[in-house]
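Asker: Questions regarding the structure given below will be posed in turn.
The values are calculated or read from the model by the stated rules, or taken from the named source; none is laboratory data. The shown structure was predicted, so the numbers you read here are calculated from the model rather than taken from an experiment. Here the Cβ is made from the backbone with ideal geometry for all residues, glycine too, and neighbour counts use every protein chain on show. For the accessible areas, the whole protein counts, side chains as well, though only heavy atoms, and no ligand, DNA or RNA atoms are used. Shrake-Rupley method; radii C 1.70, N 1.55, O 1.52, S 1.80 Å.
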Amino acid sequence: MAPKVFESIGKFGPAFAVAGGVVNSALYNVAVIFDRFRGVQDIVVGEGTHFLIPWVQKPIIFDCHSPPRNVPVITGSKDLQNVNITLCIIFRPIVSQLPRIFSIGDDYDERVLTSTTTKVLKSVVASFDAGEVITQRELVSRQVNNDLTERAATFGLILDDVSLTHLTFGKEFTEAL
């Protein structure tokens, strides 16, 4: 009895392995679909397991969790003092905007957040002198948060948290204090 079962498995085993591989290549989870004939589709497929046409369609999978990102910036204050600021940003992509985000590139967070954060921090800190940056830190943080949230939304990102984590000044200003 046992030899016949193993003999049957030996005959049909390769067929089962090929069939399993085909089914596995046709399954995916949350993704933007790239179709070889129509390009990136505008419809974002939500969470769950879905089918696709192997070879014709390719899933581009995005991580929609909220990873933290630290962005260090050296900028100048209103009274021309050097200010070293590190901003911690917790963000996630807007799911409906994933096809547009895909056009920016795989490293969209690096491209968008680094340049946008630098521009926003420079514009906000330049409107305060060095003493005000220290004494009105919460106001500076709130203004950076509002401006950065507005700019990030234009790129399809939601900012869950923006906080100033590190704030130091140039050597001359620090010695003068």
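Asker: Is there a residue being part of a strand (DSSP E or B), open to solvent by 20 Å² or more (accessible area, probe 1.4 Å), closer than 20 Å to Asp161 by Cβ and not aromatic (Phe, Trp, Tyr) anywhere in the range 107-129? Even if it seems obvious, please write down each step before you answer.
Answerer: Taking the range 107-129 as the starting set, the residues that turn out to be part of a strand (DSSP E or B) are none.
Checked the range 107-129: no residue is part of a strand (DSSP E or B), open to solvent by 20 Å² or more (accessible area, probe 1.4 Å), closer than 20 Å to Asp161 by Cβ and not aromatic (Phe, Trp, Tyr).
Asker: Restricting to the range 22-60, and then to whatever is modelled with pLDDT under 70 and touching an Asp or Glu at 6+ places or on another chain (Cβ under 8 Å), can you tell me which residue is nearest to Ser96 (Cα to Cα)?
Answerer: Val30
Asker: From Ile158, Ile89, Ile134, grab the single residue that is farther than 21 Å from Ile60 by Cβ, open to solvent by 50 Å² or more (accessible area, probe 1.4 Å) and of a type in the set (A, V, I, L, M, F, W, C). It would help to see each step written out before you state the result.
Answerer: On the way: Ile158 fails: farther than 21 Å from Ile60 by Cβ; Ile89 fails: open to solvent by 50 Å² or more (accessible area, probe 1.4 Å).
When all the criteria are applied, what remains is Ile134.
Asker: Give me a count of the residues in the range 92-106 that are open to solvent by less than 50 Å² (accessible area, probe 1.4 Å) and among the aromatic types (Phe, Trp, Tyr).
Answerer: Count: 0.
Asker: Being touching a helix residue (DSSP H, G or I) at 6+ places or on another chain (Cβ under 9 Å) and β-branched (Val, Ile, Thr) is true for just one of Val144, Val95. Which residue is that?
Answerer: Values: Val95 fails: touching a helix residue (DSSP H, G or I) at 6+ places or on another chain (Cβ under 9 Å).
None of the other options fit; the residue is Val144.
Asker: State which residue is farthest from Asp109 (Cα to Cα) when the search covers only the range 39-90 and only residues that are touching a Gly at 6+ places or on another chain (Cβ under 9 Å), part of a strand (DSSP E or B) and polar (S, T, N, Q).
Answerer: Of everything passing the filter in the range 39-90, Asn82 is farthest from Asp109 (Cα to Cα).
Asker: Another question, if that's okay. Filtering the range 137-155 down to residues that are among the hydrophobic types (A, V, I, L, M, F, W, C) and open to solvent by 60 Å² or more (accessible area, probe 1.4 Å), which residue is nearest to Asp106 (Cα to Cα)?
Answerer: Applying the first criterion (among the hydrophobic types (A, V, I, L, M, F, W, C)) to the range 137-155 yields 139-140, 144, 148, 152-153, 155.
Now drop any that are not open to solvent by 60 Å² or more (accessible area, probe 1.4 Å), which leaves 139, 155.
Values: Leu139: 34, Phe155: 14 Å.
Per the criteria, the residue is Phe155.
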